[in-house]
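The values are calculated or read from the model by the stated rules, or taken from the named source; none is laboratory data. Everything numeric in this text was worked out from a predicted model, so none of it was measured. Positions of Cβ are generated from backbone atoms using ideal geometry, with glycine treated the same way; all protein chains shown enter the neighbour counts.
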């Protein structure tokens with residue numbers, strides 16, 4: 001399975017391309033170059049396990065194929081819905097819902113660069129290559145990935161469908177997958193067009209960034225949910241109750257034909273939904289062909305400087321920095337780190353998913369461990385100590401602080417008259433705490449206070465103090481580097497190993513807290529100790545030399 | 001010694017290769033180009049200058065078919081970009097202002113690709129690219145990804161990519177940016193030799209000294225109109241100024257550089 005085999009398949013249709021005005025050899029060459037470049041790119045879905053990218057190694061492999069197994073697993077999971085019974089409208093709508101979500105988010109997060117490459121304009125359009133050839137190359141480039149993506153996610157369900165429900169089911173499923181892909185490509189392109197039309201390129205990049213973050217979180221949670229879903233849903237019992245808003249759900253359109261065609265269900269509602277499944281993708285595609293030139297034109301906006309918000313003086317930020325930081329230099333770096341964390345997309349892409357996880361982690365533990373009493377059993381128990389788990393994000397956030405997409409700009413540290421690096425570190429760390437860690441903890445604590453009752457509020461505050469101490473210890477323990485000064489690609493796996501002692505330390509904090517709750521006034525003593533520790537560590541930890 | 005602009009022109013068919021008639025282009029509500037009339041003949045190096053936003057790159061982009069929706073007439077080798085034909089682009093080389101390249105490719109991959117788009121065979125493109133890279137002292141990085149190149153190296157690759165197919169017109173937008181002094185001399189000499197062979201060079205730059213030295217003809221654009229057109233000697237005669245920079249300032253009505261500089265320095269000294 002590689003690029004050249006695709007090109008060889010295409011070679012068979014050479015004549016056909018010629019007939020519709022496509023310069024085949026040129027298109028083939030463009031496609032070849034694009035695929036070579038893709039081979040040197042890393043998709044979001046496997047971003048975490050990336051290997052070091054050698055300068056120009058001979059063992060070049062398209063990383064995309066390496067990520068396909070994840071889709072295969074998701075497909076295998078969802079094939080259970082196919083096998084479950086023959087309440088098709090539910091099963092297949094669910095399956096199509098999962099597929100559409102997976103494929104669409106992946107298309108947006110990893111293949112936006114294909115749809116939105118503005119270099120094409122300067123590089124290809126200035127050459128003697130006609131427009132149709134470029135458009136066709138772009139289209140095939142996307143189709144190539146859609147084919148493998150859909151193939152990976154659908155191959156197991158298709159097989160299961162063939163065995164369980166017969167050839168008719170298999171064929172219908174396959175045809176609908178093609179329609180679904182068509183719809184997804186068109187919807188994605190139309191979303192981009194819409195965003196570009198009304199906003200600027202920067203907004204679109206932000207949008208893509210958030211979809212990437214969402215995808216990363218959704219995949220991790222997906223494992224949990226998919227397994228548990230079987231406990232909640234009893235497919236065979238469910239009866240379909242038509243509601244008007246269901247017409248707005250494309251997965252239902254794709255579920256309906258199974259009823260209409262395989263169950264010979266004459267229900268006019270299903271018939272209507274089935275019609276939508278066929279008509280909407282085709283109409284959308286026609287619309288797409290009509291709007292494509294408009295998209296190309298608007299793409300120019302991506303290279304425009306983009307109209308950022310008006311100069312907001314950042315008075316609030318200045319006030320916060322003055323309140324929390326002692327020296328002026330520390331305030332400067334506090335504000336610098338604050339802005340960088342908010343603006344740098346790559347940083348958000350790496351860090352926000354772990355923020356999402358740590359919001360959810362405590363609840364996963366809460367509901368897998370001893371919830372015999374249900375939610376009503378929580379007040380009075382000591383399970384609120386699980387809130388410590390949300391501090392799992394602290395080491396990974398701190399680790400990420402030293403990376404940046406524009407790491408080369410770190411020359412400023414060496415050029416500027418910065419004698420002492422302590423203000424740099426402390427300002428940055430305080431910014432990370434105020435901007436990322438504390439808001440997260442506060443949100444989590446509010447939910448816990450609701451679940452466990454107001455009685456736990458003092459304990460939650462104590463836990464917050466402990467997390468502050470923990471943060472500063474993590475910082476001292478992790479290798480220090482100037483903030484935003486290294487490239488993301490250098491992020492090493494070995495750092496993961498260094499995290500293990502930190503996780504143990506976190507459990508120790510929780511344990512001490514647990515013990516303290518058993519002793520009368522223990523919590524208050526613990527709180528006093530933590531306050532003292534905070535007082536000392538936030539002053540000393542930045543100069544101390546730790547291994 | 002650097003350049004002899006008049007040589008070689010006589011033997012070449014002198015009908016214009018580029019013709020612009022009343023070229024106008026509107027972005028949003030304002031005209032960027034306000035009626036450009038221009039005939040360009042083979043063998044000329046044209047210095048195309050003007051303040052930022054004067055419409056220089058828009059003109060070039062229209063001629064390359066990158067910008068549409070203009071009014072007026074544009075002919076390049078008799079073809080019009082709005083016809084949708086692309087054949088004429090085979091005879092054009094282009095160095096854009098921003099070094100946009102597929103920089104995950106190696107120099108070899110990129111250059112052969114571009115050569116092939118221009119209609120060369122892979123072998124031709126590769127052998128030519130290799131030898132041209134060698135001439136620029138880049139033999140050693142032929143198989144290295146462009147992303148790792150310095151600004152000057154990227155610029156050299158761009159220049160090579162614009163010349164692989166031996167074009168008859170060259171559009172160059174700040175082609176010398178990032179090049180060291182020695183390379184600058186080489187490139188200037190290359191342009192002179194190409195012009196002597198009847199190629200047309202359309203040279204946009206903000207560096208007036210270079211434009212003054214290499215151009216046979218200087219076209220000054222301001223507010224979407226041509227405000228001066230002629231050889232450097234002619235422009236000097238018209239405006240009684242010593243250097244192209246001064247002529248530029250005078251013709252674009254800019255004479256407060258002294259005041260601005262003084263205020264600037266005053267602000268700098270405030271601390």
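Observations
- Test: residue A:482 is more than 30 Å from residue A:412 (Cα to Cα) and surrounded by 13 or more Cβ atoms within 10 Å (Cβ to Cβ): no
- Residue match in segment A:294-312 (condition: at negative phi, crowded, with 16+ Cβ neighbours inside 10 Å and at pLDDT 75 or above): no
- Number of positions in segment B:95-107 that are crowded, with 20+ Cβ neighbours inside 10 Å and more than 9 Å from every other protein chain (Cβ to nearest Cβ): 2
- Considering A:120, A:181, the condition of being assigned to a helix (DSSP H, G or I) and under 29 Å from residue B:28 (Cβ atoms) is satisfied by A:120 alone.
- So residue A:467, is it closer than 23 Å to residue A:360 by Cβ and either assigned to a helix (DSSP H, G or I) or modelled with pLDDT under 90 (or both): yes
- The single condition among (1) modelled with pLDDT of 90 or more; (2) assigned to a helix (DSSP H, G or I); (3) more than 11 Å from every other protein chain (Cβ to nearest Cβ) that residue B:166 does not satisfy is (2).
- Answer residue from segment B:69-94, given it is in a loop (DSSP other than H, G, I, E, B) and at positive phi and is nearest to the other protein chains (Cβ to nearest Cβ) among those: B:84
- Taking segment B:108-134 as the range and being away from chain A (no Cβ under 11 Å) and either part of a loop (DSSP other than H, G, I, E, B) or in contact (Cβ under 8 Å) with a residue 40 or more places away in the chain (or both) as the test, the residues that pass are B:111, B:120.
- Test for residue A:509: is it at pLDDT 85 or above, under 24 Å from residue A:388 (Cβ atoms) and under 31 Å from the mean Cα position of the chain (by Cα): yes
- Against the list (1) assigned to a loop (DSSP other than H, G, I, E, B); (2) touching a residue at least 12 places away in the same chain (Cβ under 8 Å); (3) within 8 Å of another protein chain (Cβ to nearest Cβ); (4) surrounded by 15 or more Cβ atoms within 10 Å (Cβ to Cβ), the condition residue B:51 fails is (3).
- Checked against the criterion of being over 21 Å from the mean Cα position of the chain (by Cα), more than 14 Å from chain B (Cβ to nearest Cβ) and modelled with pLDDT under 50, the candidates A:61, A:52 yield just one match: A:52.
- The listed residues are B:152, B:178, and the only one of them that is in contact with a helix residue (DSSP H, G or I) (Cβ under 8 Å, 6 or more places away or on another chain) and within 28 Å of residue B:231 (Cα to Cα) turns out to be B:178.
- Some residue of segment A:142-161 being closer than 28 Å to residue B:99 by Cα, touching a residue at least 40 places away in the same chain (Cβ under 8 Å) and assigned to a helix (DSSP H, G or I): yes
- Odd one out for residue A:123, checked against (1) more than 19 Å from residue A:208 (Cβ to Cβ); (2) away from chain B (no Cβ under 14 Å); (3) modelled with pLDDT of 80 or more; (4) buried (at least 20 other Cβ atoms within 10 Å of the Cβ): (2)
- Some residue of segment B:59-68 being facing chain A (nearest Cβ under 9 Å), under 20 Å from the mean Cα position of the chain (by Cα), crowded, with 20+ Cβ neighbours inside 10 Å and part of a strand (DSSP E or B): no
- Qualifying residue in segment A:2-11 (condition: within 14 Å of chain B (Cβ to nearest Cβ) and at pLDDT 60 or above): yes
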